[in-house]
Structure formats: C-alpha cells, structure tokens
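Written out below as structure tokens is the structure these notes cover.
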Amino acid sequence: MSEHAIDSRELTRRFGDFTAVNAITFHVEQGEVFGFLGANGAGKTTAMRMLIGLLVPTSGSATVAGFDISSQAEQVRRRIGYMSQRFSLYEDLTVQENITLYGGIYGVSNRDIVTRTGEILTRIGLQDAGKELVREIPLGWKQQLAFCVALLHRPGIVFLDEPTGGVDPITRRRFWELIYEAAAEGTSVLVTTHYLDEAEYCNRISIMVDGAIAAMGTPAEVRSRHGAATLDEVFLRLTRPGAAA
Amino acid sequence: MTYEHAVETEGLVRRFGDDAALDQVSLQVEPGELYGVIGPDGSGKTTLFRILVTLLLPDAGAARVLGRDVVRDFWDLRTRLGYMPGRFSLYPDLSVAENLGFFASLFDTTVAEARDTIAPIWLQLEPFSSRRAGALSGGMKQKLALCCALVHRPEILFLDEPTTGVDAVSRKEFWDLLGRLKDEGLPIVVSTPYMDEASRCDRVSLMQQGKLLVTDRPGEIGRRYPRPLLAVRGGQILGLLGALRRFPHAAAVWPFGDSLHYTDRRSDVSPEAVARELMAYVDSAGLAGVSIQPIAAGIEDAFMWYMVQEPAA
C-alpha cells in the first residue's frame, strides 16, 4: 500500500487511435497542494476522471488513498472529495439542505453534519445564509461552499477542477486560503487552473502536453529548469508547438 | 455621420428586480481604441454589452454607438456593429465554412466580400473549414465566433468574454488577432475576467457590482495605487499571511503568485520606511528567511484596492 495520497504509474487512456493520457507517472504527498496544469485538450480531465474512479485506464495503474483505481474504485470514491466549476451544488436547495444531502450521501452521521455545518458556515462567513437557496448566493460564496461540502466527509484527498473561474480577485484568494488551511490539516489537494499565478501557490506542479507530463516540480524548479522568469513563459513555450489547433 | 466617440454612455442604469445590474455607468470609447471592461462574473459586463449592441433596453441613461442612439437607431446600428456573445452561439452541427456562410447571408453579403477583413483569422481556421463547429477546440471555437462577428465588415466590434475558459496559449493568440484588427483602425470593446489581459488594451475600466471603479490606461491604474505596496517572500505562507495581517498598519495582505502583497494603511510613509518597519516586525515575530521589497502595483492590486474602497451598493 502506497503511503502517497496519489501514486500514478504509467497511467494511460486511449480513445480509439487517440491517446488522451500517455503513461503519466507522478505522486502527490499527504498534505501537498499539487497543481495539475495543461492546455485545453492536453488530457487533464481524462487523467482526473481515471483518478476519481469514473474512467478505467487502458494501461498503467494508480492508487488513490492507498486503493487501486481499477479494482477498488468504490473505496477510492468514498475517500475523495471532488469539486468542479460546472457542477457542484443543487441550486434549488438551500445552503443547509445541500450540506445535509452531501453529508447523507457520504454517510456522515447527523450529529457530525450539524457540527460541521456550523464550522463551515462560520469559516466562510455565511452564518446567516443557511436557509437561503444556493441559487441566490453570490458565485464566490457558492464556490467556497462547494469546496467545504467536498470536504464534509473529511476525505484525505480533494480534486478541484478549475475551482476559481470567473470570480473576483479577492474571492479567488480567499478560496486559496481555504485550500492552504485544508492542506495544513493534512488534506492533499490536486487542483487544475487556467490562472498561472495560482500555480505558484502550489507545492508542486505538473504541466501536461499532448497527454504526457512535460514538466514537473516545485514552481521554482520548473521555472529555473526552463530558464524562465514566470510559469506563464514555461507554459507558452511547452504548449506552443502543438498550439495550432 | 460623424461622431466624436465610438461609444458614449451617460448614467446607464439597468435593474433586474431589486438588483441594479448596471448602476450609473458612464464611459467613452475613442475611435480606433481597444477598450477593455474588466470584472468578475456578475459585475454587469454582459448587461452593459447587451445594451450597447441594442439587445436590451436601459432603465435610465443613454448610450450612443457610432454616434447613433442604441434605443432609437437600433435598426441602423445592428448592421454596423459586430457582436460576439459570451456563450458560444454558433451552430455546432454546421461546419466551420457553413457557419461563416450562414452569418454572411444574414447580413446580405458573402464570405468572398469579407475576405480582406477576416484574412488573418481565416488563415488559422481554413485547415478546419469542413469540421463541425461543435468538434473544434475551445480556442478555435472562439476564433470562428470572431470570424462570424466580422463577416459583415462592421465598423465596431463588441466581444463579451471571448477568452473565458480558454487556455493561456489560445488566449494569447486571440489577443494577437485583436491587436491586428485594432491596427486596421477598428474600435474594439472587449470584456474579460482575466486581470492580466488588461495590458493588451489601450484603456480599461474595472467593473464591480454594476459600477465602474476606475478607468484609465492600464499602466496608469497601477501608478495611481494610493498606498505603499510591498512584496513579501519566504517562510511558510499561512503563518506569514497571519503575521502580516496582525501588523497594526496593515491595510490588506493577499497571496500573489510566489509572494504576498502587503498594502500599508498610511499614505504619508515611504515604501522603503514601511519595508524597514515590517522587516523589524517580522524578525521580532521570529519568522526567518523573509525578504521584503517595495513594488509597483498591477491591475489586480488596483482592482482589489478599489473593490474594498467602493461602498457596497
């Protein structure tokens, strides 16, 4: 059993002739914030779908929270949190109902749901909003709430798929402070983003190009290895050759 | 018709129920200018654009585009402006060439007549001309939408969040294309939630909660930052963040890439003096390996400053 939160070895997924994810090998440590970067279509989403047990790999293997993603997908799903920009909360339910629903699905006891609801709402400053419909609260709060809901069952690892798209710069930073706090408590975080300044907030990053990992390391290592002042520069250089389409 | 400003609005207001999506918005876009409206989701950018392209009526105030009133002269304006809405709105089941031909026919023109106008974009799209629009990558979809917005050779272009959700490489290519269109004298009004795209514009307005916070050249906005701003590096980020926020003169402390940006509350102390004080404070707090430097503010620093200064409506 791997001691890493995620351990991926030569993980590969093909769709017909197309290799969406090409033998990626990497690991994420306990309490680490890992930035999973790449251009649109580079294979990030396919890789993430395999790691959360929604897609079977063509070859290679990975363990998440110590469980094999192919043969133990159910155990994996129970131990992870997931938040995507597109779908995360039910707009027609109240804040409280969303928390209760997710808590129930993940088997959190009623008593724990009550205490954790209080903690969550205080943490993000939504104490008085428990009875409000999610549709009515501002986008920035929705995203922070979605993040806390993804952590409700205290998963060891949380996957965040572009969690900060479109929000104002202050909310974006509050969101990252929630990520740091979760990591400081030992939760591992794998996050994708289009904001390259956010990649600097990660302990380590990988940059995917055409299904493979083209660069990996701490942000400072990646920058210095490519002789670039910013990650933006590294990203453009790595993805430029295949940028025509 | 002659006109002084490509776009001119005075006190535009638009409400949806009790919410003011636009709250007294006044701005001017000069002929040939690349003008950016920068703000997060829900700040009112799309409402502003929909009024300017004659698809939505204001509750109060007035707007003229190319010297024409957006309410009274809407019919005349519609053939003269190009509009690319924020949501992908082409036909996914039609090919690239069919979409373009369709939009040309709507405006009673042909793709051939528009060839010169769309040449730089078409060059990149042509290899995919028979591909279904729905099967294009995000970046190519946006280029096709731009091409369709240009096919009737408009006199002004409105682009609502053309680069949202598009990766960094495609975003850069898209802005390169806008630069070329601008060089040909076409006024362009473009909105974006990405602060780093401000530097591509001649002038920008920062928008939040239906209001323009500030309007200026992108470089000027940073220079007008009214307080000492310092970059603080090193140490464990959460601990450092907490310590800096407890410093009695701290106005704001936020993570910024590989550093923290510290804004001081005082406007009458030099950045260098603030840096020395802060260094002494950090030392006394027992935080090791920290470096502090005065820096120039960027658009994002300014946006965050004005966001907090502006009393919530």
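Would you mind stating whether A:Leu126 is in contact with a Leu (Cβ under 8 Å, 6 or more places away or on another chain), at pLDDT 90 or above and within 27 Å of A:His194 (Cβ to Cβ)? Criteria not met by A:Leu126.
For (1) more than 19 Å from B:Leu240 (Cα to Cα); (2) hydrophobic (A, V, I, L, M, F, W, C); (3) touching a residue at least 60 places away in the same chain (Cβ under 8 Å); (4) more than 8 Å from chain B (Cβ to nearest Cβ), each residue gets a yes or a no:
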position: A:Ala182; (1), (2), (3), (4): no, yes, no, yes
position: A:Ser188; (1), (2), (3), (4): yes, no, yes, yes
position: A:Val191; (1), (2), (3), (4): yes, yes, yes, yes
position: A:Glu200; (1), (2), (3), (4): no, no, no, no
position: A:Ile205; (1), (2), (3), (4): yes, yes, yes, yes
position: A:Ile213; (1), (2), (3), (4): yes, yes, yes, yes
position: A:Thr218; (1), (2), (3), (4): yes, no, no, yes
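Among the residues of region A:93-132, those identified as small (Gly, Ala, Ser) and in contact with a Ser or Thr (Cβ under 9 Å, 6 or more places away or on another chain) are A:Gly103, A:Ala129, A:Gly130. Could you go through region A:226-240 and let me know if any residue there is surrounded by fewer than 22 Cβ atoms within 10 Å (Cβ to Cβ), among the polar types (S, T, N, Q) and over 28 Å from A:Phe18 (Cα atoms). Among the residues of region A:226-240, at least one is surrounded by fewer than 22 Cβ atoms within 10 Å (Cβ to Cβ), among the polar types (S, T, N, Q) and over 28 Å from A:Phe18 (Cα atoms), which makes the answer yes. Only a single criterion out of (1) more than 14 Å from chain B (Cβ to nearest Cβ); (2) closer than 21 Å to A:Arg172 by Cβ is not satisfied by A:Lys131, namely (2). None of B:Ala97, B:Ala135 is in contact with a Pro (Cβ under 9 Å, 6 or more places away or on another chain), more than 30 Å from B:Asp23 (Cα to Cα) and not acidic (Asp, Glu) except B:Ala135.
A single member of B:Leu94, B:Leu90, B:Leu136, B:Leu159 is modelled with pLDDT of 95 or more and over 23 Å from B:Pro31 (Cα atoms), and it is B:Leu94. Please name all residue pairs, on different chains or six or more residues apart, with Cβ atoms under 6 Å, provided the first residue is in region B:164-182 and is within 28 Å of A:Pro163 (Cα to Cα) and at the interface with chain A (Cβ under 7 Å from one of its Cβ atoms) and the second residue is surrounded by 21 or more Cβ atoms within 10 Å (Cβ to Cβ) and aromatic (Phe, Trp, Tyr). Here the result reads B:Ala168/A:Phe235, each pair linking region B:164-182 to a residue that is surrounded by 21 or more Cβ atoms within 10 Å (Cβ to Cβ) and aromatic (Phe, Trp, Tyr). Report, by residue number, each residue of region A:147-180 that is of a type in the set (D, E, K, R) and within 23 Å of B:Gly239 (Cβ to Cβ). Once the filter is applied, which keeps residues that are of a type in the set (D, E, K, R) and within 23 Å of B:Gly239 (Cβ to Cβ), region A:147-180 yields A:Arg172, A:Arg173, A:Arg174, A:Glu177.
Quick check on region A:58-74. Is at least one of its residues assigned to a loop (DSSP other than H, G, I, E, B), surrounded by fewer than 20 Cβ atoms within 10 Å (Cβ to Cβ) and within 14 Å of another protein chain (Cβ to nearest Cβ)? Checking region A:58-74: not a single residue is assigned to a loop (DSSP other than H, G, I, E, B), surrounded by fewer than 20 Cβ atoms within 10 Å (Cβ to Cβ) and within 14 Å of another protein chain (Cβ to nearest Cβ).
Taking residues in region A:156-180 that are facing another protein chain (nearest Cβ under 7 Å) and crowded, with 19+ Cβ neighbours inside 10 Å, and partners anywhere that are part of a loop (DSSP other than H, G, I, E, B) and among the charged types (D, E, K, R), the pairs with Cβ atoms closer than 8 Å and at least 6 places apart or on different chains are A:Gly166/B:Asp41; A:Val167/B:Asp41.
Scanning region A:135-155 for residues that are touching an Asp or Glu at 6+ places or on another chain (Cβ under 8 Å) and surrounded by fewer than 21 Cβ atoms within 10 Å (Cβ to Cβ) turns up A:Arg135, A:Leu139. Counting only strands (runs of 3 or more DSSP E) that fall entirely inside region B:225-313 and contain at least 1 residues that are modelled with pLDDT under 95 and within 14 Å of chain A (Cβ to nearest Cβ), the qualifying elements are B:229-233, B:250-256, B:259-264. The selection criterion, being of a type outside the set (S, T, N, Q), away from chain B (no Cβ under 13 Å) and under 22 Å from A:Glu29 (Cα atoms), does not hold for A:Gly227.
B:Pro127 meets all of the listed conditions (1) free of Cβ contacts under 8 Å to residues at least 12 places away in the same chain; (2) in a loop (DSSP other than H, G, I, E, B); (3) not charged (D, E, K, R) but one, namely (2). Considering each residue of region B:1-17, count those that are aromatic (Phe, Trp, Tyr) and surrounded by 13 or more Cβ atoms within 10 Å (Cβ to Cβ), and give that number. Matching residues across region B:1-17 total 1. Residues in region A:35-51 include at least one that is over 15 Å from A:Ala5 (Cβ atoms), within 12 Å of the chain's Cα centre (by Cα) and assigned to a strand (DSSP E or B). The residues listed here are B:Asp301, B:Asp283, B:Asp268, B:Asp258; of these, the one that is touching a residue at least 40 places away in the same chain (Cβ under 8 Å) and of a type in the set (Asp, Glu) is B:Asp301.
Only a single criterion out of (1) assigned to a loop (DSSP other than H, G, I, E, B); (2) surrounded by fewer than 19 Cβ atoms within 10 Å (Cβ to Cβ); (3) of a type in the set (A, V, I, L, M, F, W, C) is not satisfied by B:Leu90, namely (2).
Being surrounded by 14 or more Cβ atoms within 10 Å (Cβ to Cβ) and hydrophobic (A, V, I, L, M, F, W, C) is the filter; apply it to region B:72-87 and report the residue that is nearest to B:Pro31 (Cα to Cα). Restricting to residues being surrounded by 14 or more Cβ atoms within 10 Å (Cβ to Cβ) and hydrophobic (A, V, I, L, M, F, W, C), the top hit is B:Leu81.
The values are calculated or read from the model by the stated rules, or taken from the named source; none is laboratory data. The structure displayed is predicted, hence computed values, not measured ones. Here Cβ is always computed from backbone atoms with ideal geometry, including for glycine, and neighbour counts include all displayed protein chains.
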